[in-house]
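The values are calculated or read from the model by the stated rules, or taken from the named source; none is laboratory data. Just so it is clear, the model here is predicted, and its values are computed rather than measured. When we count neighbours, we look across all protein chains shown, and the Cβ atoms used for this are built from the backbone with ideal geometry, even at glycine. Quick note on the areas: whole protein, heavy atoms, side chains included, nothing else; ligands and nucleic acids left out. Shrake-Rupley method; radii C 1.70, N 1.55, O 1.52, S 1.80 Å.
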Amino acid sequence: MTASVALQTGHVGLNVTDLDRSARFYSQALGLVTFNSSEDAERRFVFLGDGERLLLTLWQQSDGRFRHETPGLHHLAFQVGTQDDVARYADRLKNAGVAILHGGPVAHAEGSHSGGIYFEDPDGIRLEIYAATGAEALPAPSGQFPTCGFF
């Protein structure tokens, strides 16, 4: 390849233990909508997005719980425009009974402009919603180390 091509993340695929539960979680907690799905007993999946683009695919191919100590996905982060948007998602998640780690929005590191909220999906997959600016006054639970790296 001779020309430089900028890569962008297209979508993220997650293995889940209970497709119905996970699809409900991502729809209710994050407001994602279904683009496509399969109810075939051997090939169950749901494609979710924001109404315009595909963001997440869920595949019922797992049993057990997400293990942080095995190689693979560390966490999945969704970016929003402002810290006010982060706060709205925090309220939405709390109203849905989802525990927010660190008690609410935090900075990515001491003095960082970016920050957000951290939580888990029903299978224990670690998730983040953050904004790139506006977090300077927020606490940083991991000090100078990236909050998103150690939760």
Inset, instruction - Quick one: angle between helix 83-95 and the longest Cα principal axis of the chain, in degrees between 0 and 90, rounded to 10, please. - result: 50 degrees
Legend entry - Cα long-axis angle, helix 19-30 against the chain (0 to 90 degrees, to the nearest 10): 30 degrees
Inset, instruction - Please report, in debye to the nearest 20, how large the charge dipole of the chain is about its Cα centre when each Lys and Arg carries +1 at its beta carbon and each Asp and Glu carries -1 there. - result: 40 debye
Inset, instruction - Work through the residues other than residue 84 whose Cβ is under 15 Å from its Cβ and net out their charges, Lys, Arg +1 and Asp, Glu -1. - result: -1
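So with the 1.4 Å probe, I'd like the accessible area per residue for the chain, rounded to whole Å².
Working: 8790 Å² over 151 residues.
Accessible area per residue: 58 Å².
With a cut-off of at most 14 other beta carbons within 10 Å, and DSSP calling the residue loop, which trypsin sites (Lys or Arg not before Pro) in region 23-59 qualify? Please list them. Don't skip to the answer; put the middle values down first.
Details: sites: 24, 43, 44, 53; in loops: 43, 44, 53.
In loop regions of region 23-59 (DSSP not H, G, I, E or B), the sparsely surrounded trypsin sites (Lys or Arg not before Pro) are 43, 53.
Over region 1-134, with every protein chain in place, what whole percent of the accessible area is carbon and sulfur at 1.4 Å, could you tell me?
On the way: 3670 of 7780 Å².
The C+S portion of the solvent-accessible surface of region 1-134 is 47 percent.
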Legend entry - Taking the C-alpha atoms of region 1-132, convex hull volume expressed per residue in Å³: 166 Å³
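If exposed means no more than 10 neighbouring beta carbons inside 10 Å and the site is in a DSSP loop, what's the longest run of the chain without any exposed GluC sites (Glu not before Pro)?
Numbers: sites that count: 39, 42, 52, 69.
Segment 70-151 is the longest.
Which loop chymotrypsin sites (Phe, Trp or Tyr not before Pro) in region 31-109, with loop taken from DSSP, have no more than 16 other Cβ atoms within 10 angstrom of their Cβ?
Details: sites: 35, 45, 47, 59, 66, 78, 89; in loops: 66.
Nothing satisfies the criteria.
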